[in-house]
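Worksheet: the structure to be examined is printed underneath.
A short reminder: the numbers here are calculations on the coordinates, not readings from a lab. What you see is a predicted model; the values in this text were computed from it and never measured.
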Amino acid sequence: MNRKDYYYDEHAPKPQIIVPAVSAVIFHEEKEILLQERVDNMKWSIPGGTMEPGETVEIAIKREVKEETGFDIEVKQLVGVYSDPNHVIAYADGEVRQQFSICFLCVIKGGSLVISNESKRVAFVPIRELNTIDMHITQKIRIQDALAGNNAAFIR
């Protein structure tokens, strides 16, 4: 395991940096959600990752979803901005960061399902099964926020 997420954990290491990241909630026929089982922490997750220099958030999320799932997407709306300092992510290389992720509701426009080197599995998971799979609470919060159908973005 190359990554460990801490959430309201008094034993969490102190973050050294904040890295802008993006994530996507992608529903399929309102009954399923596109998820990947990550190889770095072995948990199910919505697609997403770190922005690269020279990218907009829209370009970053389109690139991340394509790399991790094989699908081309269109961004529909902002779900929320997630920057809780009590969510700390520690990597095997020693990097420790505070979460900072901008999450979007997106729709598939093309492509086909693939598995990347970052994913053990990629699948459309029934929404009713989300509580039965190994997923970090912060991912579930973003999905719940997207399911709420608010017009205004969540700031968490």
Relative contact order of the chain, pairs being alpha-carbon contacts under 8 Å that are 6 or more residues apart, as %: 33 percent
Amide H contacts under 5 Å for VAL122, placed H, 5+ residues apart: GLU37
Reachable lysines, given that their alpha-carbon falls under 18 Å from the alpha-carbon of LYS14 and they are not under 8 places away in the same chain: LYS4
Candidates PRO53, PRO126, PRO13, ranked by Gaussian network fluctuation over the chain, Cα under 10 Å, top entry: PRO53
Amide H contacts under 5 Å for GLY80, placed H, 5+ residues apart: CYS103, PHE154
Residue-averaged [θ]222 nm for the chain, counting only DSSP H segments that reach four residues, each worth -39500 (n - 2.57): -5000 deg cm²/dmol
Partners for LYS31 among lysines (Cα-Cα distance below 24 Å; same-chain residues under 8 apart left out): LYS43, LYS62, LYS66, LYS76, LYS109, LYS120, LYS140
Rule-of-thumb Rg ratio for the chain [Cα; 2.2 N^0.38 Å; N residues]: 0.98
Gaussian network model of the chain, Cα within-10 Å springs - most flexible of HIS11, HIS136, HIS87: HIS11
